[in-house]
Amino acid sequence: MKTAPVDSTIPTATTLFEVRPAEGKLMADQTPKTLETILLVEDEPAVRQLFAHALTRAGYRVYEARNGEEAIKVFDQHGDTIDMLLTDMRMPYMGGAELAHHLRERRSSLKLLCISRSRATSC
């Protein structure tokens, strides 16, 4: 039995760019401010920090939780101020769909945004 040759080289790409200081200064009043508060639920610390930083910079208030159980505790304390649930779908202890269902039972007007690395998920 003959086998096809396997190319074991890993393709690489290099992108070069110049980092320069920003022109001018960003004034505090230039940062967009919203009155919206997001409950961010993500079990990967780096991903959670990235989302929290970006959302905060965009003017949102952000509560963070590592999983569904922790998110419910945050919602118990601050649920009346939370406008949106932004949740990963696949997490330990309680997945995003179960969490969304649980919190929507408590407040049907809660906005939902579900994220996942898998294409076959729904919120």
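Considering only residues that are surrounded by 16 or more Cβ atoms within 10 Å (Cβ to Cβ) and out of contact with any Lys or Arg (no Cβ under 9 Å at 6 or more places or on another chain), look in the range 33-59 and name the one that is farthest from Cys114 (Cα to Cα).
That would be Ala52.
If we only count strands (runs of 3 or more DSSP E) wholly inside the range 34-123, which ones have 3 or more residues that are touching a residue at least 40 places away in the same chain (Cβ under 8 Å) and not aromatic (Phe, Trp, Tyr)? Can you show your working first?
Working: elements: 37-41, 61-65, 84-88, 111-115.
Once the strands (runs of 3 or more DSSP E) in the range 34-123 are filtered for at least 3 residues that are touching a residue at least 40 places away in the same chain (Cβ under 8 Å) and not aromatic (Phe, Trp, Tyr), what remains is 37-41, 84-88.
For Glu64, state whether it is surrounded by 13 or more Cβ atoms within 10 Å (Cβ to Cβ) and within 12 Å of the chain's Cα centre (by Cα).
Yes, satisfied.
Values in this text are rule-based calculations from the coordinates and carry no lab data. Predicted, not measured: the structure shown is a model, and the values here were computed from it. Glycine also receives a Cβ, built like all others from the backbone with ideal geometry; neighbour counts cover every protein chain displayed.
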